[in-house]
Each structure stands twice: as C-alpha cells, then as structure tokens.
Amino acid sequence: MKSLVTLLAAVAFSGAAIAGPVSYGKNVSKTPVLPPPAPTGCDCFGPGLAVGVFGGALLSDADDVLGGGVLMEYAFNPYIAIQGSYGLYATDSEHHAFDGALILRYPITSICVAPYALVGGGFSTNSANDGHFTLGGGLEARIPSANCMGIFADAAYNFANDIPDHTIIRLGVKFPF
C-alpha cells in the first residue's frame, strides 16, 4: 500500500511540474508591455531645400533704413548649408543686395534650435555697383508641429569696396521642402 501511495504522489507532482505556470485569463502575456521610446529631439535640421522671407534693417554710418527680401537655402546635412538671398532696402535710392553665403550651424535637437555662422559675398547696387564680403551669425528655431517651419534672426557685417561698410540685420521665416 505504501508503494501505491508513493507512486500516485510521484505521478501527481510530475504532472504539475510539466504543466507550466498557471494562467487565469485568455490573453495573459508573460512579456511586459514596454512604453514607447523617449523622443530624441526634433528631426527638422536634415538635408533639403528651404525658401524664406525676411524683414530687415541696413545700418551704416550714412543711413539706417528698413527693408526686406527673400532667400533660398539648401542644406547638405544638419551642419552645412548654402544660402542665396535678395534684399531691398529704402536708402536715398533703393539699395539692392544680392548675397550668397556658406552657413555652418550646430543644431541642438533637444530644444530644436541651431546657432549658425555665415560667410560669403555679394553684390550691391545703390546708384553705384559694388561687391562686398559678408561675415555674420544668427539663430534659427524650428517648429516640428508646423512642418518644421523655421524662425530665424541674424546679422551680417558687409565689408564693401566703394560704398560704406554696413550691417544687415534680418528677422524672418523659412519653409523647408
């Protein structure tokens, strides 16, 4: 009798050992549900084309005037871009500024802003034609919820040949494609 009880106990315990864990619901999963990964910051400073408009001021020893213009920018990567712009400022006669610049920026993706430096040159007309060298810097903020639209402010000092040196300050928006 003792061997029969031992045999029944061994069969009962071996069945429980093979059966696996107990589940009380139909869709109970053993793997925990993980939360989605944390956002890594904005992704708005990638390569591509952007167009923009700006209002600005031309500051010089002779005159301080307001104006505005348009720009087109192509970013090769998050750090390097080229930009072409046209500005019109209301001096004694119209001051037309055609500029090209290399832009070196450092995106801070956690807050979606990028400080940048620009260096380039251009051509101005204001009753006299003149070439100039440009050196400046600025800050751009991108808005991810608005299709990565950018708001920028910058200033550039223009070393001119025949007209007085001047500073152009711009405030505007960029629309990437």
Rounded FRET efficiency, nearest 0.05, which uses the C-beta distance separating Phe177 from Asp64 and R0 of 25 Å: 0.10
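Pairs of alpha-carbon atoms within less than 8 angstrom and 6+ residues apart define the contacts here; what relative contact order does segment 44-177 have, in percent?
24 percent.
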Label model pair Tyr106, Ile80: point-to-point distance (7 angstrom along the Cα→beta-carbon line) in nm is 1.8 nm
Which of the peptides 61-73, 149-161 is most tightly packed, and how do the rest follow, judged by the mean count of other Cβ atoms within 10 Å per residue? 149-161, 61-73
Overall dimensions of segment 48-176 as given by Cα atoms, namely Rg and Dmax in Å: 14.6, 47
Distance in nm between pseudo-label sites at Phe159 and Phe133 (7 Å out along the Cβ direction from Cα): 0.3 nm
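Read-outs throughout are calculated quantities, based only on the coordinates presented, and are distinct from any laboratory measurement. For clarity, every value in this text was computed on a predicted model and none was experimentally measured. Note that we place each Cβ from the backbone using ideal geometry, even for glycine, and neighbour counts take in every protein chain shown.
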